[in-house]
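To keep things clear, I will list the structure first and then write my remarks on it.
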Amino acid sequence: MTRKNLQPAAGPKVAVVGAGSWGTTFGKILADGGASVVMWARRPELAAEITESKRNSRYLSGINLPRSMTATTDLAEALTGAEQIYLSVPSQSLRENLAAIRPLVERTDVPLVSLMKGVEKSTGLRMSQVIEQVLECDPARIAVASGPNLALEIAREQPTAAVISSLSPETAEAVARRARNRYFRSFVNTDVIGTEFGGVLKNLIAVAIGIVDGVGYGENTKASIITRGLVEMTDFAVAQGAQPETLQGLAGLGDLIATCQSPLSRNNTAGRLLGQGYGYKEVVTQMQQTAEGLASVAPVLQLAKQVGVDMPIVQQVKMVLDGTMDPRDIAPHLTTDDDQPQGERTQNEQSGGGGALRRALQRAFDQFRHGGRGAAGDRP
Ligand SMILES: NC(=O)C1=CN([C@@H]2O[C@H](COP(=O)(O)OP(=O)(O)OC[C@H]3O[C@@H](n4cnc5c(N)ncnc54)[C@H](O)[C@@H]3O)[C@@H](O)[C@H]2O)C=CC1
Ligand SMILES: O=C(CO)COP(=O)(O)O
């Protein structure tokens, strides 16, 4: 049997807005799951390449896209009649893109799914909040997808999982049913805050790990920063209203491992360049793709300040970006901290928050030992 014959017949139409590495890969996930996918691309030459050659050579070199994937630069053509709409543009451009999308979706109740992992710099809002605000729509229509999802690995059909989160279990389940295939498994939860912040925060820790790599430090430094980074992520997200379990699941620990370990990660790569001594502007110039962490650092620290959560690792990333700290001084703690020994527990527990974080860290440790299986909180 030829490969062609193995492809499922094209099913219901879904739309993906943004034809970069993740939008295109997610389009492939959906098409390989049976959907008929229409991508919206900004550039006509990219739209033509996807439709005619079934390729996206700039973002996914060497990948053949399914026959049931096409692309257009006409937003109305992409969105009209779509059963679900997935959004995958750089976070800082979401608001302007939604303004164009609004007239096309305001008289529908089509689910809108954010694939993005950033916060809006000017407002500190998560992507689902920007969607709700600009479209003035029912939050039950909105879902977010997150997890250890390095685009190129998935485009090569290497098995992975993600979590689809929505305030509405029905929306999460409908999206998870559509966004799955033999190499991509979608779990569900209703913790949108934890799921979104997991994706945002692991980018910041991945920049820190990149700095460590760039400087040339080894595994102890990285393991310490990843472990303490997970504590920072959890403290921050819980203070914003997340469930601690979510940060131990695919959208937290799972993505933290993938992004910190992989040279495919753009955040990790940006950090490596910083660690090698390049300044912020040079790094931005060298990066050909979106590294969300660079824009999220400042708003995350602002939000952390508002809820009284310390984030020493994220703070150091900001200082390296600002040029006020030598990358070689990066450590799992601020070197300006006072010398009082601290408990290893999270701020949450130290202020009487109970044993949730200790249990979560124990689970994280168990997951590391057992290869990432058994993520708490994410339901199949
Ligand atoms: N690449 C990956 O492995 C993953 C990425 N993500 C997230 O997906 C989101 C999109 O990232 P990627 O596709 O990786 O980025 P990318 O840099 O590969 O592609 C971004 C796409 O957006 C387009 N774009 C740039 N500015 C725009 C604007 N103002 N309006 C409309 N389109 C614009 C670009 O032309 C490009 O097609 C990010 O939030 C990222 O964190 C999430 C999971 C995995
Ligand atoms: O989110 C990702 C993997 O889950 C992709 O990470 P980068 O944006 O750092 O490439």
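The values are calculated or read from the model by the stated rules, or taken from the named source; none is laboratory data. The model shown is predicted, which means the values in this text are computed figures rather than measured ones. Cβ atoms come from the backbone with ideal geometry, glycine included; neighbour counts cover every protein chain shown. Areas reflect the complete protein model, heavy atoms only, side chains present, ligands, DNA and RNA absent. Shrake-Rupley method; radii C 1.70, N 1.55, O 1.52, S 1.80 Å.
Listed values, structure above:
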read-out: Flag if Leu115 is surrounded by 15 or more Cβ atoms within 10 Å (Cβ to Cβ), under 22 Å from Thr25 (Cβ atoms) and in contact with a strand residue (DSSP E or B) (Cβ under 6 Å, 6 or more places away or on another chain); value: yes
read-out: Answer residue from segment 267-276, given it is under 14 Å from Tyr217 (Cα atoms) and of a type in the set (Gly, Ala, Ser) and is nearest to ligand 1 (Cβ to nearest atom) among those; value: Gly271
read-out: Flag if Asn189 is of a type outside the set (Ser, Thr, Tyr), modelled with pLDDT of 95 or more and away from ligand 1 (no atom under 16 Å from the Cβ); value: yes
read-out: Residue count, segment 273-306 (criterion: assigned to a helix (DSSP H, G or I) and open to solvent by less than 60 Å² (accessible area, probe 1.4 Å)); value: 15
read-out: Scan of segment 154-195 for residues that are more than 17 Å from the chain's Cα centre (by Cα), surrounded by 24 or more Cβ atoms within 10 Å (Cβ to Cβ) and more than 19 Å from Val16 (Cβ to Cβ), ordered by number; value: none
read-out: Residue in segment 307-314 that is more than 10 Å from ligand 2 (Cβ to nearest atom), under 18 Å from Val215 (Cα atoms) and surrounded by 20 or more Cβ atoms within 10 Å (Cβ to Cβ) present; value: yes
read-out: Residue match in segment 97-107 (condition: under 27 Å from Gln306 (Cα atoms), away from ligand 1 (no atom under 16 Å from the Cβ) and not aliphatic (A, V, I, L, M)); value: no
read-out: Subset of segment 216-264 (residues that are aromatic (Phe, Trp, Tyr) and surrounded by fewer than 24 Cβ atoms within 10 Å (Cβ to Cβ)); value: Tyr217
read-out: Subset of segment 19-37 that is closer than 20 Å to Ser91 by Cα and of a type outside the set (A, V, I, L, M, F, W, C) - its residue that is surrounded by the fewest Cβ atoms within 10 Å (Cβ to Cβ); value: Gly20
read-out: Condition met for Ser53 (within 16 Å of ligand 2 (Cβ to nearest atom) and modelled with pLDDT of 95 or more); value: no
read-out: Meets criteria (among the β-branched types (Val, Ile, Thr), part of a strand (DSSP E or B) and at pLDDT 95 or above) for Thr70; value: yes
read-out: Arg141 more than 24 Å from Thr80 (Cβ to Cβ) and buried (at least 16 other Cβ atoms within 10 Å of the Cβ); value: no
read-out: Count - residues of segment 83-105 that are open to solvent by 10 Å² or more (accessible area, probe 1.4 Å) and not in a helix (DSSP H, G or I); value: 4
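Yes or no, residue by residue, for (1) out of contact with any Cys (no Cβ under 7 Å at 6 or more places or on another chain); (2) free of Cβ contacts under 8 Å to residues at least 12 places away in the same chain; (3) under 22 Å from Leu264 (Cβ atoms); (4) surrounded by fewer than 24 Cβ atoms within 10 Å (Cβ to Cβ):
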{"position": "Pro12", "(1), (2), (3), (4)": "yes, no, no, yes"}
{"position": "Met39", "(1), (2), (3), (4)": "yes, no, yes, no"}
{"position": "Ala47", "(1), (2), (3), (4)": "yes, no, no, yes"}
{"position": "Gly62", "(1), (2), (3), (4)": "yes, yes, yes, yes"}
{"position": "Leu65", "(1), (2), (3), (4)": "yes, no, yes, no"}
{"position": "Thr73", "(1), (2), (3), (4)": "yes, no, no, yes"}
{"position": "Glu77", "(1), (2), (3), (4)": "yes, no, no, yes"}
{"position": "Thr80", "(1), (2), (3), (4)": "yes, no, no, yes"}
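So that you can scan it fast, the table gives a plain yes or no per residue for (1) more than 19 Å from Gln288 (Cα to Cα); (2) assigned to a loop (DSSP other than H, G, I, E, B); (3) within 16 Å of ligand 1 (Cβ to nearest atom):
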| position | (1), (2), (3) |
| --- | --- |
| Gly23 | no, no, yes |
| Leu30 | yes, no, yes |
| Val38 | yes, no, yes |
| Thr51 | yes, no, yes |
| Ser57 | no, yes, yes |
| Leu60 | no, yes, yes |
